[in-house]
Amino acid sequence: MKRRTGYPWALLAGVPLATLGACQTAGHSQSGFLTDYDGLTENRQAVRASIREGRDDVAAAGVVRVRLEPAVLVGAAGAGLSP
């Protein structure tokens, strides 16, 4: 019986190529976190992210203070992080 050579290697070489499609997938165009998506422009400089940005100078002029709440990690989620 004649043994084929090279066939398994051809399969193994194709596996990494087939999995490359899973490295980058398109995100949701509108996630639902904003009440209005009108006026946002797409930033095409980003390579691996879908970024849309908008600016309202009139509304921003009325902002006096911005307060950020500290993150709270539950359980062992922050075990390897420094304070």
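Each value in this text was obtained by applying a stated rule to the coordinates, not by laboratory testing. Given the structure is predicted, the values throughout are model-derived calculations rather than measurements. Note: ideal-geometry Cβ built from the backbone for every residue, glycine included; neighbour counts use all protein chains shown.
General remarks:
- Förster radius 25 Å - calculated FRET efficiency between residue 43 and residue 68 (Cβ-Cβ, nearest 0.05): 0.60
- Under a 5 Å amide H cut-off, with hydrogens placed 1.01 Å from N, residue 52 pairs with 43 among residues at least 5 apart or on other chains.
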